[in-house]
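**Student:** Here you go, one structure.
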Amino acid sequence: MLAQDYLTLRMVRLKPPEEWLNKQAGLAFVFPKGGAGKCLAGTFNQRLAPGDVLVLDGAAGSKVCASDRGEIVFAFFSVCIEHLFPLFAGNEIRLLQGVIDDFKRVKLYPASAPLAVECHRLLAEVPPQFNLDHRSQLLRVVAAILTVEFTNAHSGRVGFIRPDEH
């Protein structure tokens with residue numbers, strides 16, 4: 001059985017001292033929309049601002065809190081990477097374990113990063129009805145993030161030489 005928030009975009013508004021605990025199975029994708037807050041996960045303590053993109057592993061025990069002086073509003077959804085296996089190509093399957101391991105740490109893409117801008121643009125196109133179109137648009141957000149992570153994993157492999165360097 002899938003969690004209620006699996007590939008379903010939800011909005012959260014937190015005021016001090018409220019917290020949102022990440023209890024999602026798999027990965028939770030968090031998109032601050034307004035206000036300010038912070039993400040806490042172990043020793044990770046990062047300020048969050050509108051336009052940022054945060055990816056949290058469900059096993060990391062992370063939480064989002066409002067700042068002491070105001071509130072934070074964010075959208076989020078979750079996805080299990082294992083459910084996406086049929087979508088991956090052979091070269092992506094080879095890199096997948098490294099990408100999954102990399103997501104075990106909190107990943108923050110700042111609002112100034114092109115990926116964060118693209119993710120927020122895609123989120124703006126998500127229809128409000130919780131149907132196939134809604135879920136497929138959220139998959140486009142996941143695909144944008146995973147594409148960057150696969151590129152980074154491929155570039156980081158020992159002995160990799162880009163075609164323009166060959």
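**Student:** Of the heavy-atom accessible surface of the chain (probe 1.4 angstrom), what whole percent is carbon and sulfur? Write out the running numbers ahead of the final one.
**Tutor:** Details: 5090 of 9160 Å².
That share works out to 56 percent.
**Student:** Starting from one equal scatterer on each C-alpha and no solvent at all, send me the Debye-based log10 I(q)/I(0) for the range 24-166 at q = 0.09 Å⁻¹, two decimals.
**Tutor:** Normalising to I(0) and taking log10 leaves -0.30.
**Student:** Among HIS83, HIS154, HIS134, determine the one that fluctuates most according to a GNM of the chain built with springs between C-alpha atoms less than 10 Å apart.
**Tutor:** HIS83
**Student:** Sticking with this one: Give a residue-ordered list of calculated ³J(HN,Hα) values for the range 47-54 (Karplus: 6.51 cos²θ - 1.76 cosθ + 1.60, θ = phi - 60°; whole Hz; x for Gly, Pro).
**Tutor:** Taking θ as phi minus 60°, the curve returns 5, 10, 9, x, x, 5, 10, 10 Hz for the range 47-54.
**Student:** How much length, in nm to one decimal, is gained on full extension between PHE44 and GLN129, taken as 0.36 nm per residue of separation minus their Cα-Cα distance? Working shown, then result.
**Tutor:** Details: separation 85, 0.36 × 85 = 30.60 nm, distance 3.47 nm.
The PHE44-GLN129 span can extend by a further 27.1 nm.
**Student:** I need to check one value: relative contact order of the chain, counting alpha carbon pairs closer than 8 Å and at least 6 residues apart, in percent. Don't skip to the answer; put the middle values down first.
**Tutor:** On the way: 298 pairs, mean separation 40.8, N = 166.
Across the chain, relative contact order equals 25 percent.
**Student:** Could I ask something else about it? Where only protein heavy atoms count, and the probe is 1.4 Å, what is the accessible area per residue for the chain in Å²? Mind showing how you got there, number by number?
**Tutor:** Working: 9160 Å² over 166 residues.
Computed with neighbouring chains in place, this is 55 Å² per residue.
**Student:** Please work out how much accessible surface PHE44 shows to a 1.4 Å probe, ignoring ligands, DNA and RNA, in Å² rounded to 10.
**Tutor:** 60 Å²
**Student:** Which one, LEU139, PRO114, CYS65, is farthest towards the positive end of the dipole of the range 1-146 when Lys and Arg carry +1 and Asp and Glu -1 on their Cβ?
**Tutor:** Checked the options; the winner is CYS65.
**Student:** First measure r as the distance between the Cβ atoms of PHE85 and ARG10, then evaluate 1/(1 + (r/R0)^6) with R0 = 25 Å and state the FRET efficiency to the nearest 0.05.
**Tutor:** 0.50
The values are calculated or read from the model by the stated rules, or taken from the named source; none is laboratory data. Quick caveat, the model's predicted, so the values are computed rather than measured. Cβ sites come from the backbone with ideal geometry, for glycine too, and all protein chains shown count toward neighbours. Note: areas computed on protein heavy atoms with side chains; ligands, DNA, RNA excluded. Shrake-Rupley method; radii C 1.70, N 1.55, O 1.52, S 1.80 Å.
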